[in-house]
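Asks: Quick one: the structure is below, and I'll ask about it shortly.
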Amino acid sequence: MLKEIAGLDEGVVLITGDGKRIARVYLNSWAKRGKRILAEGLPFRIEGEVYLGSPFENDGFDVYLLIDPLSRSKADRKTLREWISSHRDRLVLLYERRYVKDSITRYRLRELLDYLVAYRRETVGFERIDVMRFEGGRVVESRTYVRKH
């Protein structure tokens, strides 16, 4: 399911748990395919052309990177939901530093998600990645990947 996300041409992907490596892989993959990327900010380095700016003011990009969408105020989240609804034909990568997996049900943003990638580094020497595919705000497929150090 992780490879499916790299091959997307449109959709909304939420990466939680400060999964910098995963987000970087996806953005680099999309940039190599010639997609134009607009980022609110860069919490990590991306190879390729990346423009910085507000997605609410700039249109015409193939991929949008939005930082900490769940940590915003309720009014900002509402604006974000409306913006995502009008940009369903683009790739939108939402990068949340906080770990959110099952608690995504508390946020209305889940209704717009296509994939949730929850990254967690465990203290016993391994990393866990939970990937969920959504349809209509409900999980239709789920898979867990584990990597030991």
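The values are calculated or read from the model by the stated rules, or taken from the named source; none is laboratory data. Computed from a predicted model, the values in this text were never measured in an experiment. Backbone-built Cβ (ideal geometry, glycine too); neighbour counts: all protein chains shown. Ligands, DNA and RNA are excluded from the accessible area calculation, which covers all protein heavy atoms including side chains. Shrake-Rupley method; radii C 1.70, N 1.55, O 1.52, S 1.80 Å.
Asks: If you take the residues in region 15-51 that are small (Gly, Ala, Ser), at pLDDT 90 or above and closer than 16 Å to Pro69 by Cβ, which one is nearest to the chain's Cα centre (by Cα)?
Replies: Ala23
Asks: Any idea how many residues of region 24-47 are in contact with a helix residue (DSSP H, G or I) (Cβ under 7 Å, 6 or more places away or on another chain), over 17 Å from Asp9 (Cα atoms), open to solvent by less than 40 Å² (accessible area, probe 1.4 Å) and without any contact (Cβ under 8 Å) to a residue 40 or more places away in the chain?
Replies: The number of residues fulfilling the criteria is 2.
Asks: Also: Which count do you get for residues in region 117-144 that are in contact with a Leu (Cβ under 9 Å, 6 or more places away or on another chain), outside any strand (DSSP E or B) and of a type outside the set (Gly, Ala, Ser)?
Replies: 0
Asks: When region 70-102 is examined, which residues are found to be open to solvent by 40 Å² or more (accessible area, probe 1.4 Å), out of contact with any helix residue (DSSP H, G or I) (no Cβ under 7 Å at 6 or more places or on another chain) and part of a helix (DSSP H, G or I)?
Replies: Once the filter is applied, which keeps residues that are open to solvent by 40 Å² or more (accessible area, probe 1.4 Å), out of contact with any helix residue (DSSP H, G or I) (no Cβ under 7 Å at 6 or more places or on another chain) and part of a helix (DSSP H, G or I), region 70-102 yields Lys74, Ala75, Asp76, Lys78, Thr79, Glu82, Ser86, Asp102.
Asks: Applying the selection to region 111-149, what residues are of a type in the set (S, T, N, Q) and touching a strand residue (DSSP E or B) at 6+ places or on another chain (Cβ under 9 Å)?
Replies: Ser142, Thr144
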